[in-house]
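Read through the structure below, which is laid out as structure tokens, and then see the notes.
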DNA sequence: AATGAAGGTCTCTAAATGAGACCTATATTC
DNA sequence: GAATATAGGTCTCATTTAGAGACCTTCATT
């Protein structure tokens, strides 16, 4: 945007704070995104197979479900197990890491539920102006 | 075939909630999205002006900053105040609703920070296969 | 045979995002 | 007095990402 801001960027880098490449952000981007949140909430009560998840989340596409599951698996939040049935079935379940994350996610969801009315009221007021 | 409804999602479904049209999701979509999260964290320590936020978040565009601020303002999470300086300056700060949300957000960020190493290790292993 | 279910991949389109030019008004610098 | 900077945005256009849905392979059942 401005060439003058190069100095600032260098400062941030020197301080070890680079928001543009922040690892915390990379983690949250996977774990707090729309579909992953719903997948995790569905896994709260136990393992699910691929098509079970598809049916539980009526408006997710196979493509996005696959991608969400891969991302979460890669981050070690859930595990993928293939069972040698016919046809083979695939089970997804939370790892310990995932279990540790769930309470935070649920706290957020509770807050959202509890703040719903305030938020809807705020929206109405805003839209009137 | 119907299992007992323990999970949050199951609960909602039992209450007739349709995940495809879930109001909680609409709230989280604003509040837990990439840029809004960073804006909120920046506001944790006090009000900021538009260009202060731009400078604090080096890789956000004006377009996305404006949009994030509008969404959060509309939801009543932050307030926008215009001061009659020359040129006019605009201050953004958390509302009470926003203040109530921040602890949950920070808990999430702490978890992300604390789980970083596990996650990075999981990624390396996954990528090797 | 035909159909269905398992767990995906692939392609194509639609929507969201990012880069950055532009705007109005005042203030400062050369 | 012309150029440049700062404030807080909007607008356009190219790139990315998401979504809809056809298609695939291998058994088992109808």
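Observations
- On the stretch given as the range A:46-58, residues that are more than 11 Å from DNA strand C (Cβ to nearest atom) and either modelled with pLDDT of 95 or more or surrounded by 20 or more Cβ atoms within 10 Å (Cβ to Cβ) (or both) total 2.
- Restricting attention to the range B:71-86 and to residues that are without any contact (Cβ under 8 Å) to a residue 24 or more places away in the chain and touching a helix residue (DSSP H, G or I) at 6+ places or on another chain (Cβ under 9 Å), the residue that is surrounded by the most Cβ atoms within 10 Å (Cβ to Cβ) turns out to be B:76.
- Taking the range A:66-76 as the range and being within 13 Å of chain B (Cβ to nearest Cβ) and within 8 Å of DNA strand C (Cβ to nearest atom) as the test, the residues that pass are A:69, A:70.
- Scanning the range A:41-54 for residues being more than 10 Å from chain B (Cβ to nearest Cβ) and not in a loop (DSSP other than H, G, I, E, B) gives a total of 7.
- Filter pass, residue B:116 being assigned to a helix (DSSP H, G or I), out of contact with any strand residue (DSSP E or B) (no Cβ under 8 Å at 6 or more places or on another chain), more than 9 Å from chain A (Cβ to nearest Cβ) and closer than 30 Å to residue A:77 by Cα: no
- The single condition from (1) within 14 Å of DNA strand D (Cβ to nearest atom); (2) at pLDDT 95 or above; (3) in a helix (DSSP H, G or I); (4) touching a helix residue (DSSP H, G or I) at 6+ places or on another chain (Cβ under 8 Å) that residue B:98 fails is (1).
- The sole residue among B:89, B:32, B:61, B:68 that is surrounded by 14 or more Cβ atoms within 10 Å (Cβ to Cβ) and near DNA strand D (Cβ under 8 Å from one of its atoms) is B:89.
- Within the range B:1-29, being within 10 Å of chain A (Cβ to nearest Cβ), part of a loop (DSSP other than H, G, I, E, B), modelled with pLDDT under 75 and more than 16 Å from DNA strand D (Cβ to nearest atom) holds for B:3, B:4, B:5, B:6.
- The residue list A:38, A:57, A:105, A:97 contains one member that is at the interface with another protein chain (Cβ under 10 Å from one of its Cβ atoms) and touching a residue at least 60 places away in the same chain (Cβ under 8 Å), which is A:105.
The values are calculated or read from the model by the stated rules, or taken from the named source; none is laboratory data. Being a predicted model, the structure only gives us computed values, none of them experimental. Glycine also receives a Cβ, built like all others from the backbone with ideal geometry; neighbour counts cover every protein chain displayed.
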